[in-house]
Amino acid sequence: MTGKATSEASVSTPEETAPEPAKVPTTEPSGEVAASESTGQEQAPEPQKPQAQDPAAPAASAMPATTKPEPPSEDVPSAPLRLTLEDVSHSSLTVSWEPPEKLGKLGLQGYVLEFCREGASEWVPVNPRPVMVTQQTVRNLALGDKFFLRVTAVSSAGAGPPAVLDQPVHIQEITEAPKIRVPRHLRQTYIRQVGESVNLQIPFQGKPKPQVSWTHNGHALDNQRVNVRSGDQDSILFIRSAQRSDSGRYELTVHLEGLEAKASIDILVIEKPGPPSSIKLLDVWGCNAALEWTPPQDTGNTELLGYTVQKADKKTGQWFTVLERYHPTTCTISDLIIGNSYSFRVFSENLCGLSDLATTTKELAHIHKADITAKPREFIERDFSEAPSFTQPLADHTSTPGYSTQLFCSVRASPKPKIIWMKNKMDIQGDPKYRAVSEQGVCTLEIRKPSPFDSGVYTCKAINVLGEASVDCRLEVKASATH
């Protein structure tokens, strides 16, 4: 045979397996499934039953006695080769073997697998008739069973010598090494507040059911405060009302037949901190006040997140927060209002929040009005007097008869100068044909409906006590062309 054929069978209660009138004693193992009773015509030739103990098995294994085999003939096959136990579970086993070297002249009909309980002398066939397979799985076995196995090759001439396993097979529950699976949120410090409940559910693995134990900081748990319930797959630790004394390292140990797994969980039970021990008003200057305080004696079993500083003026008595989560123990409060008196208080803060009480300054910080005397600087009066000077001179201009025209210039002087307009060096003030205006240093001369006679040189003169200045321009009034 080039490959291995497999077969599955349930352990059956041995019935009458030979045509002899004598009955073989039967023992039906617990948990076995009985096979149907076979008839005499369907029976295979009965395997030989050697009397002597198999020399391959050790004496300590209590191999059942067998009859001494007769010298094999050429018609019967030899013993199967390499009988091996492939697998054992809590309810089944698998064995395999190889065909015998000699199959006999009449050919091979199959193999018969038999078992014998430890301490018994009766071999019970697993399959009632020969099967042409070289691997069999026996199911429906009971935990604790311990028996020997052998296999015999069978031909039409009879059964050959058996191949026997050296050691008995023990059916027992498969051992699975213990393993603890700590939830992700418990892999870092587990924080609870005083009075809250602690409920930890830790799953684990292991077969058969392992033994579970807990310790707190290396000591046994206080059963009056801590309740533990363990099942097949998890263990639950419960504290109804946590106290700060419950903080520490809890270690879970899972034992199983010499193997163990451990897991540690850190629990921190915290509460609100106490107020700062003392506070002192160090100094008051201007609109500022300096404070100093000492840390609280009780931080609530955890680190402080800082301090909250508040102020209140004496008039209203309302508290206003100045600093939050402030870490130093000294500070300067600024922007205080002049004339008010202030009190200050400081809270401690941790993960649970602000302390229930605050430490308040005993004395008030009085913000006094400073005695300030104004010392004005001597005012030096500047003399802005200056002689007239033209910042914008007159410009030559060409006009059309009959259309009023204007001449412009600008002058700078202090005190205000007197403005005189002249035409061809002659004063024209008082002439109704001309209108002179001077405003904000801008001097304007309007010539109403000029004619060619009004052409000439116009002069603007500015005079004050410091001097005088003049500018002039040429005005040309062109006569309109006649046709």
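What share of all Cα pairs of segment 219-263, in percent, falls into each consecutive 5 Å distance bin?
Going out from 0 Å in 5 Å bins, segment 219-263 shows 5, 15, 29, 24, 15, 8, 3, 1 percent.
From the P(r) of segment 152-203, could you give the percentage of C-alpha pairs in the tail past 18 Å?
Value for segment 152-203 (Cα pairs over 18 Å): 69 percent.
If you take the beta carbon distance between residue 282 and residue 440 as r and set R0 to 41 Å, what does 1/(1 + (r/R0)^6) give as a FRET efficiency, to the nearest 0.05? List each step's numbers first, then the result.
Values: r = 63 Å, r/R0 = 1.54.
Efficiency, from the Cβ-Cβ distance: 0.05.
Compute, for residue 325, the solvent-accessible surface of its heavy atoms (probe 1.4 Å) with the complete set of protein chains present, and express it in square angstrom to the nearest 10.
130
Just to confirm a number: summing +1 for Lys and Arg and -1 for Asp and Glu over residues other than residue 303 whose beta-carbon lies under 14 angstrom from that of residue 303, what do you get? Walk me through the numbers on the way to the answer.
Values: positive: 272, 325; negative: 271, 298, 349.
My count for the surroundings of residue 303 gives -1.
With a point put 7 Å past each Cα toward its Cβ, work out how far residue 156 is from residue 106 in nm, to one decimal.
0.7
Under the definition of Cα pairs under 8 Å and six or more residues apart, what whole-number percent is the relative contact order of segment 154-275?
31
Across 10 Å bins from the origin, how do the percents of Cα pairs in segment 363-483 run, short distances first?
12, 33, 20, 10, 6, 6, 5, 4, 2, 1, 0
Using the scaling law 2.2 N^0.38 Å as the reference, what is the normalised Cα Rg of segment 93-132?
In units of the globular-protein estimate, segment 93-132 measures up at 1.41.
Using a probe of 1.4 angstrom, how much of the accessible area of segment 260-341 is carbon and sulfur, in percent?
Carbon and sulfur together cover 47 percent of it.
Any aspartates and glutamates with Cα under 14 Å of the residue 449 Cα? List them, leaving off those in the same chain fewer than 8 positions away.
Partners within reach: 431, 476.
Using only alpha carbon pairs under 8 Å that are at least six residues apart, calculate the relative contact order of segment 278-404 and give it in whole percent.
25
Quick one: check the C-alpha center-to-center distance for segment 262-303 versus segment 155-217, whole angstrom.
Centre-to-centre distance over Cα atoms comes out at 49 Å.
Taking the alpha-carbon distance from residue 416 and a cut-off under 17 Å, which aspartates and glutamates remain once sequence neighbours fewer than 8 residues away in the same chain are dropped?
Qualifying aspartates and glutamates at Cα under 17 Å: 383, 386, 439, 468.
Please state, as a whole number in µm²/s, the translational diffusion coefficient that the Stokes-Einstein equation yields for segment 248-302 at 37 °C and 0.692 mPa s, with Rh defined as the Kirkwood radius across alpha carbon pairs.
Reported coefficient: 207 µm²/s.
Any idea of the accessible area per residue across segment 176-332, 1.4 Å probe, to the nearest Å²?
On the way: 9220 Å² over 157 residues.
On a per-residue basis, segment 176-332 sits at 59 Å².
For residue 174 and residue 253, what is the calculated FRET efficiency with R₀ set at 25 Å and r taken between the beta-carbons, to the nearest 0.05?
0.70
Using a simple charge model, +1 on the beta-carbon of Lys and Arg, -1 on the beta-carbon of Asp and Glu, nothing else, what dipole does segment 303-375 show about its Cα centre, in debye to the nearest 20?
360
Roughly how many debye, to the nearest 20, is the charge dipole of segment 203-247 about its Cα centre, given +1 on each Lys and Arg Cβ, -1 on each Asp and Glu Cβ, and no other charges?
60
For a Förster distance of 30 Å, can you work out the FRET efficiency between the beta-carbons of residue 368 and residue 326, rounded to the nearest 0.05?
After rounding, the FRET efficiency stands at 0.65.
Which distance in nm do the two modelled labels at residue 232 and residue 391 give, with both placed 7 Å along the Cα-to-Cβ direction?
Distance between label points: 10.8 nm.
The values are calculated or read from the model by the stated rules, or taken from the named source; none is laboratory data. Only a predicted model underlies this, so the values are computations on that prediction, with no experimental measurement involved. Please note: Cβ atoms are built from the backbone with ideal geometry, for glycine as well, and neighbour counts cover all protein chains shown. We work out accessible area using only protein heavy atoms, side chains counted, and drop any ligands, DNA or RNA first. Shrake-Rupley method; radii C 1.70, N 1.55, O 1.52, S 1.80 Å.
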